[in-house]
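Asks: Okay, handing you the structure first.
The values are calculated or read from the model by the stated rules, or taken from the named source; none is laboratory data. What you see is a predicted model, and the numbers here were worked out from it, not measured in a lab. Every residue, glycine as well, gets a Cβ built from its backbone with ideal geometry; the counts of neighbours run over all protein chains shown.
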Amino acid sequence: MNVLQCIAVDDEPLALGLVCAFINKTPFLNLAGKYSSAVEALEAIHDLSVDLIFLDIQMPDLTGIELARIIEKTGNQGPRIIFTTAFNQFALDGFRVDALDYLLKPFNYEEFLKAATKGKAYVELVQRAANGSAPEMREDYLFLKVEYQLVRIAYDDILYVEGLKDYVKVILKSDTKPILSLTSLKALEEKLPPAKFMRVHRSFIVNLDKIGAVTRNTIQIGTVTIPVSDQYKENFSQFLSKWM
C-alpha cells in the first residue's frame, strides 16, 4: 500500500487536532507535519516530500487559497490540496486552484476518509503516469476533472467540446447531459489526439469521426451546427481534402 505523506494546516487548534487525529487513524496516510499558519507550511513544503495537504482557507497573513496558488505555480508534481473550511462560498475558488476536494466543517471521519481516498487515487494516477502506464496515456480515453473527481471519458463518446468562460462543456454521444469541467479549451485541446479531434473555432473542438455534413463555414454533428471560423479554415480544409 502506498503511504501518502501529509501535512495539516489550520490556525484553529481544535480543528488542526481533529485533522491530525483523522490522518493518524488512516492507514494510507502519514502525518509529516502540522502547522498553524500557511507561512509555516510553505517553508516546510520546500523541505519535506509532501503528497497531500489538508488546508484551511481563512488564515491570517497568508490564506489557504493564496498558498494553493503559490503551490500551483510549481507544476503538476507539487502536493495536492484538500481544503477544510467552515465557509462553502469558497468552493469555486477551490476549483480554480485545482483542489482535489473540499471538506466543509464540521466534518466527520467518513467524509474525511472519502476525501483522503480521492487523494490516494489521484497520487497513484500521477505515479502511473510517471511510469508510462497512466490511463491518460492510452489512445481510447482520457481522464477529465469534473467537480472533485476524475471522470474517464472515451474519445469515441465525445461529439464535440464547447468552451465557456471558465469551463469546457463536453457533449457526449451516450448522455444527453453535457459534462462540465473547470479547464480551458486550449488545455483540453492539448490532451486530445489531433488525429481524432480538431479545433475549428475559438469556442469549439469537434470529433472528426462524428461529422455528418459540412458547408463552407459550418459543420453538422447530429442536429447541431458548429461554425468554422476563418482562423481554423485552412486546417479544416486540409482535413477535408483528404476525403474528396
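Asks: Give just the number: which of (1) at pLDDT 90 or above; (2) closer than 21 Å to S203 by Cα; (3) not basic (K, R) does L142 not satisfy?
Replies: Single failed check for L142: (1).
Asks: Here are the criteria: (1) more than 22 Å from the chain's Cα centre (by Cα); (2) not in a helix (DSSP H, G or I). Tell me which single one I205 does not satisfy.
Replies: For I205, the failing item is (1).
Asks: Among all residue pairs at least 6 apart or on different chains, which show Cβ distances below 7 Å where the first residue, located in region 51-64, is closer than 24 Å to K114 by Cα and the second is among the acidic types (D, E) and in a loop (DSSP other than H, G, I, E, B)?
Replies: If the second residue must be among the acidic types (D, E) and in a loop (DSSP other than H, G, I, E, B), the pairs left are D56/D10; D56/D11.
Asks: Right, next: Which of the residues that make up region 174-220 are hydroxyl-bearing (S, T, Y) and within 14 Å of F236 (Cβ to Cβ)?
Replies: T215, T218
Asks: Filter region 1-31 down to the residues that are more than 19 Å from N108 (Cβ to Cβ) and crowded, with 19+ Cβ neighbours inside 10 Å, then identify the one that is nearest to the chain's Cα centre (by Cα).
Replies: Applying the filter and picking the extreme gives L4.
Asks: Is it the case that region 217-226 has a residue that's outside any helix (DSSP H, G or I) and at pLDDT below 90?
Replies: We begin by selecting, within region 217-226, every residue outside any helix (DSSP H, G or I); these are 217-226.
Narrowing the set further to residues that are at pLDDT below 90 leaves 217.
Yes - at least one qualifying residue is present in region 217-226.
Asks: Which one of the conditions (1) touching an Asp or Glu at 6+ places or on another chain (Cβ under 8 Å); (2) closer than 30 Å to I82 by Cα does D209 fail to meet, given that it meets all the rest?
Replies: Against the list (1) touching an Asp or Glu at 6+ places or on another chain (Cβ under 8 Å); (2) closer than 30 Å to I82 by Cα, D209 comes up short only on (2).
Asks: Which is farther than 20 Å from V126 by Cβ, surrounded by fewer than 17 Cβ atoms within 10 Å (Cβ to Cβ) and acidic (D, E), of D56, D61?
Replies: Details: D56 fails: surrounded by fewer than 17 Cβ atoms within 10 Å (Cβ to Cβ).
None of the other options fit; the residue is D61.
Asks: Could you pull out the residue among A8, A21, A44 that is assigned by TED's automatic domain parsing to the domain that holds K73 and either closer than 17 Å to Y102 by Cα or part of a loop (DSSP other than H, G, I, E, B) (or both)?
Replies: A8 is the lone residue from the list that is assigned by TED's automatic domain parsing to the domain that holds K73 and either closer than 17 Å to Y102 by Cα or part of a loop (DSSP other than H, G, I, E, B) (or both).
Asks: Does any residue of region 76-89 turn out to be in a loop (DSSP other than H, G, I, E, B), at pLDDT 85 or above and either surrounded by fewer than 14 Cβ atoms within 10 Å (Cβ to Cβ) or in the same structural domain as E124 (by TED's automatic domain parsing) (or both)?
Replies: Restricting attention to region 76-89, the residues satisfying the condition of being in a loop (DSSP other than H, G, I, E, B) are 76-79, 86-87.
The next check asks that each one be at pLDDT 85 or above; those that pass are 79.
Narrowing the set further to residues that are either surrounded by fewer than 14 Cβ atoms within 10 Å (Cβ to Cβ) or in the same structural domain as E124 (by TED's automatic domain parsing) (or both) leaves 79.
Yes, that holds for at least one residue.
So that you can scan it fast, the table gives a plain yes or no per residue for (1) exposed (fewer than 14 other Cβ atoms within 10 Å of the Cβ); (2) in contact with a strand residue (DSSP E or B) (Cβ under 8 Å, 6 or more places away or on another chain); (3) on the phi > 0 side of the Ramachandran plot; (4) hydroxyl-bearing (S, T, Y):
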| site | (1), (2), (3), (4) |
| --- | --- |
| A195 | yes, no, no, no |
| N207 | no, yes, no, no |
| K210 | no, yes, no, no |
| S237 | yes, no, no, yes |
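Asks: Next question. For region 99-117, how many residues are within 21 Å of N2 (Cβ to Cβ) and either at pLDDT 85 or above or not assigned by TED's automatic domain parsing to the domain that holds P13 (or both)?
Replies: The total comes to 7.
Asks: For region 146-179: of the residues being assigned to a strand (DSSP E or B) and out of contact with any strand residue (DSSP E or B) (no Cβ under 6 Å at 6 or more places or on another chain), which is surrounded by the most Cβ atoms within 10 Å (Cβ to Cβ)? Spell out how you get there, then give the answer.
Replies: If we filter region 146-179 for residues that are assigned to a strand (DSSP E or B), which is where we start, we get 146, 149-154, 158-163, 168-172, 179.
Right, trim to out of contact with any strand residue (DSSP E or B) (no Cβ under 6 Å at 6 or more places or on another chain) and you get 149, 163, 172.
Numbers: Q149: 13, G163: 20, L172: 15.
Checked region 146-179; the qualifying residue surrounded by the most Cβ atoms within 10 Å (Cβ to Cβ) is G163.
Asks: With the requirement that a residue be part of a helix (DSSP H, G or I), surrounded by 14 or more Cβ atoms within 10 Å (Cβ to Cβ) and of a type in the set (F, W, Y), what does region 101-130 give you?
Replies: F112, Y122
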